[in-house]
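S.K.: Quick one: structure below, then a few questions.
The values are calculated or read from the model by the stated rules, or taken from the named source; none is laboratory data. These numbers come from a predicted model, not from an experiment. Cβ placement follows ideal geometry from the backbone for every residue including glycine, while neighbour counts extend to all protein chains displayed.
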Amino acid sequence: MFGRLLSATPAETALAIFAVAFATIAGAWTFQLLGFAPCDLCFVQRYAYYAGMPLALAVAALARFSSPSLVLRAGLAILALMFAANFVLAIYHSGVEMKLWQGPTACAASGANGPASAADLLTQLETVKVVRCDTPALRVFGLSLANWNALISAALAALGARAAWRSA
């Protein structure tokens, strides 16, 4: 099957990218509904999927209507770049989870500026729930969701780049 995908038309490749992106984001929503709260970095990593799905459908539609090769190549290249950037972000998030480097302050349990008073601290404790970026909410087959996102984003980036290159 993977060999077939490597020789697929631009429309087939774009539809495959859409299907994988949709399945990935549906999985993320499902885990969220099951109680595994995403952190700020998790939410940011979803942007590539939210933008990539409609773009992939647009590329598939344009390919079906025999759009110029340059247009299809540009769409596939943009998809490849979006998912390559998401791969980099997922690697960053994976490094934060492994404590290789510090994550953003929005993902920390406490910010640099603490509460002004004990009453403010109590109010924050009652109202603010910080989901830490350095602690995976879930591991599937030993990999965190950020690790899985890195693998999926890399595959989608490679698929898009190969299709853009082959469409020449």
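S.K.: Scan (1) at pLDDT 75 or above; (2) closer than 30 Å to residue 69 by Cβ for the single condition residue 168 breaks and write down its number.
M.R.: Every condition holds for residue 168 apart from (1).
S.K.: Inside segment 27-45, can you point out the residues that are closer than 15 Å to residue 92 by Cβ and surrounded by 14 or more Cβ atoms within 10 Å (Cβ to Cβ)?
M.R.: 39, 40, 41, 42, 44, 45
S.K.: Considering every residue within segment 61-81, establish whether at least one is farther than 23 Å from residue 165 by Cβ, buried (at least 18 other Cβ atoms within 10 Å of the Cβ) and at pLDDT 90 or above.
M.R.: Within segment 61-81 (the criterion being farther than 23 Å from residue 165 by Cβ, buried (at least 18 other Cβ atoms within 10 Å of the Cβ) and at pLDDT 90 or above), the answer is no, since none of the residues qualifies.
S.K.: Right, next: Quick one: in segment 48-73, which of the residues that are among the hydrophobic types (A, V, I, L, M, F, W, C) and touching a residue at least 60 places away in the same chain (Cβ under 8 Å) is nearest to residue 134 (Cα to Cα)? Lay out the reasoning, then the answer.
M.R.: Going residue by residue through segment 48-73, those that are among the hydrophobic types (A, V, I, L, M, F, W, C) are 48, 51, 53, 55-63, 65, 70-72.
If we keep only those that are touching a residue at least 60 places away in the same chain (Cβ under 8 Å) too, we end up with 48, 72.
Working: 48: 21, 72: 39 Å.
In this case the residue turns out to be 48.
S.K.: I'd like to verify a number: residues in segment 32-50 that are part of a helix (DSSP H, G or I) and closer than 23 Å to residue 104 by Cα, how many? It would help to see each step written out before you state the result.
M.R.: From segment 32-50, those part of a helix (DSSP H, G or I) are 32-33, 40-45, 47-50; that's our starting set.
Filter again for closer than 23 Å to residue 104 by Cα, leaving 32, 40-45, 47-50.
Count: 11.
S.K.: Are any residues in segment 131-157 surrounded by fewer than 20 Cβ atoms within 10 Å (Cβ to Cβ) and either under 14 Å from residue 48 (Cβ atoms) or within 12 Å of the chain's Cα centre (by Cα) (or both), and if so, which ones?
M.R.: Across segment 131-157, the qualifying residues are 148, 151, 154, 155.
S.K.: Let me ask something else. Any residue at all in segment 6-15 that's assigned to a helix (DSSP H, G or I) and in contact with a Pro (Cβ under 8 Å, 6 or more places away or on another chain)?
M.R.: No, there is no match, as no residue in segment 6-15 is assigned to a helix (DSSP H, G or I) and in contact with a Pro (Cβ under 8 Å, 6 or more places away or on another chain).
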